[in-house]
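See below for the structure under consideration.
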Amino acid sequence: MPTVDGKPAEAALSDSETRAQAILATTVDAVVVIDHRGTVETLNPAAERMFGYAADEVVGQNVKILMPDPYSREHDGYLANYLRTGQKKIIGIGREVVGRRKDGTVFPMDLAVSEARVGEHRAFVGIVRDITERKQAEEALRESHRQLETALAALQAKGEEVKVMSQQLWQAAKLAAVGELAASIAHELNNPLATVSLRVESLLVQTAADDPRRRLVEVVEQEVDRMAGLVANLLQFSRRGQQRASSVDVGEDLLKTLELVHHHFRSRHIRVVQELAPDVPVIQADRQLLRQVFLNLLTNAGDAMPEGGTLTLRVAPGSLVDGRPAVVIEFADTGLGISPEHLSKVMEPFFTTKEEGKGTGLGLAICRRAVHEHGGTIHITSEVGKGTTVRIALPIGNETNPDH
């Protein structure tokens, strides 16, 4: 009788099968063995627990019973193609797939398939590992990353908000300091200017019209007047008195201010286009302060078009950056424009792009302060040779600052 290691062959074979069964029974991973037709031959206890079937419910069935669509539809074709061509997709490679339990639930799993031959018999051994917890951990990690990115974006937004607020506080502090300096200078200049003005008037009275020296005295008078205007601007810039808020129809007040420069515009061949939306809500504002803003911007627009051009005035309902309803006023000229390097500085006190003696550099600074004190915003866009647009948004309602 044939023997193996001193034992009869049948006994040795029985021992080998017993060891194999013991190994399968204690293997942590699920093991599924199928034949060349896809019929399940073996389902170990770990696979029973994983798929929820007893072994006798699956053995003899097509392995598709353990697969959801589309894997179940494709499996027989894949197996037939492999037996015919030897082209491998999973065998010897392994990949992530999806399994189906007896109760119909699906779950992700790692599947590693190897081929075994015993004589003419071909079998395929699948080692299956449930990776549900791993997938959940990966998804939790992705969600954590998403939350972290969201938190980071929120932090960056807060950082930008803090930066803007810091700039506003810095600007306010700078304006306050400049305002105090301006007030001191203006008061110091007023008295000597008044004295010089009186002496010049006296000289003019005493100087005949045909006296060649009269022209020199007139030049002095003009320069004194210009200095007086500068002092007036300084005082206006530094003045932060109690605002007198009232209901203001922005379009109506803009047109009334336009009347003050109408002849100046006509002499310069400046055409004014009015785009005033109907039913614009009234706002609560200091009318005189707003008219000063409008006059400054109209004057600037006129100065920017020495050869003539078009000034478009727009008034329409709109909103502030934070979504509050507002009235939006635009001054769009076709003038010389402002260079990019100057655009960020034009609202700084004492900065001007005008020729020497033509501007004090306080007009836009006064405009910005007035708009901000009304709770609004002012923004300037410009392109050299094409023109400048000043956009002001003033909130509807009583948003003026009573402390200023």
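The values are calculated or read from the model by the stated rules, or taken from the named source; none is laboratory data. No experiment lies behind these values; they were computed from the predicted model shown. No Cβ is skipped: glycine too gets one built from the backbone with ideal geometry, and neighbour counts run over all protein chains shown.
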### Message
Quick check on my filter: what residues within region 62-75 are surrounded by 15 or more Cβ atoms within 10 Å (Cβ to Cβ), out of contact with any Ser or Thr (no Cβ under 7 Å at 6 or more places or on another chain) and closer than 18 Å to Arg37 by Cα?
### Response
Val63, Leu66, Met67, Tyr71, Ser72, His75
### Query
Hey, among the residues in region 255-284 that are modelled with pLDDT under 90 and of a type in the set (A, V, I, L, M), which one's farthest from Thr334 (Cα to Cα)?
Leu260
### Query
Which residue out of Gly60, Gly6, Gly94, Gly77 is of a type in the set (Gly, Ala, Ser) and modelled with pLDDT of 90 or more?
Gly60
### Query
List the pairs whose first member sits in region 268-297 and is at positive phi, whose second member is surrounded by 13 or more Cβ atoms within 10 Å (Cβ to Cβ), and whose Cβ atoms are under 6 Å apart, counting only residues at least 6 apart or on separate chains?
His269/Gly308
### Message
If the requirement is being modelled with pLDDT under 90, in the same structural domain as Arg287 (by TED's automatic domain parsing) and under 20 Å from Ser246 (Cα atoms), which of these qualifies: Pro325, Pro402, Pro395?
### Response
Pro402
### Query
Within the group Glu180, Glu115, which residue is closer than 30 Å to Ile366 by Cα and at pLDDT below 90?
Glu180
### Message
Please go through region 43-63 and give me each residue that is touching an Asp or Glu at 6+ places or on another chain (Cβ under 9 Å) and of a type in the set (S, T, N, Q), ordered by number.
### Response
Asn44, Asn62
### Message
It is to be established whether one or more residues within region 262-269 are aromatic (Phe, Trp, Tyr), crowded, with 16+ Cβ neighbours inside 10 Å and under 35 Å from the mean Cα position of the chain (by Cα).
### Response
no
### Message
Just to verify a result, which residue in region 337-379, among those that are part of a loop (DSSP other than H, G, I, E, B) and in contact with a Pro (Cβ under 8 Å, 6 or more places away or on another chain), is modelled with the lowest pLDDT?
### Response
Gly361
### Message
Among (1) in a helix (DSSP H, G or I); (2) within 54 Å of the chain's Cα centre (by Cα); (3) at pLDDT below 90, there is one condition Asp69 misses while meeting the rest; what is its number?
### Response
(1)
### Task
Examine region 134-150 for a residue that is modelled with pLDDT of 75 or more and assigned to a loop (DSSP other than H, G, I, E, B), and state whether such a residue exists.
no
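Yes/no matrix, rows are residues, columns are (1) of a type in the set (D, E, K, R); (2) at pLDDT below 65; (3) out of contact with any His (no Cβ under 6 Å at 6 or more places or on another chain):
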residue	(1), (2), (3)
Ala194	no, no, yes
Asp210	yes, no, yes
Val231	no, no, yes
Leu234	no, yes, yes
Gln242	no, yes, yes
## Note on the structure
Scanning region 41-66 residue by residue, those part of a strand (DSSP E or B), farther than 20 Å from Thr105 by Cα and without any contact (Cβ under 8 Å) to a residue 60 or more places away in the chain turn out to be Thr42
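Listed here are the residues, each with its yes/no results for (1) surrounded by 15 or more Cβ atoms within 10 Å (Cβ to Cβ); (2) out of contact with any Phe, Trp or Tyr (no Cβ under 6 Å at 6 or more places or on another chain); (3) over 24 Å from Thr27 (Cα atoms).
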{"position": "Leu79", "(1), (2), (3)": "yes, yes, yes"}
{"position": "Gly86", "(1), (2), (3)": "no, yes, yes"}
{"position": "Ile93", "(1), (2), (3)": "no, yes, no"}
{"position": "Glu96", "(1), (2), (3)": "no, yes, no"}
{"position": "Met109", "(1), (2), (3)": "yes, yes, no"}
{"position": "Gly119", "(1), (2), (3)": "no, yes, yes"}
{"position": "Arg129", "(1), (2), (3)": "yes, yes, no"}
{"position": "Glu139", "(1), (2), (3)": "no, yes, yes"}
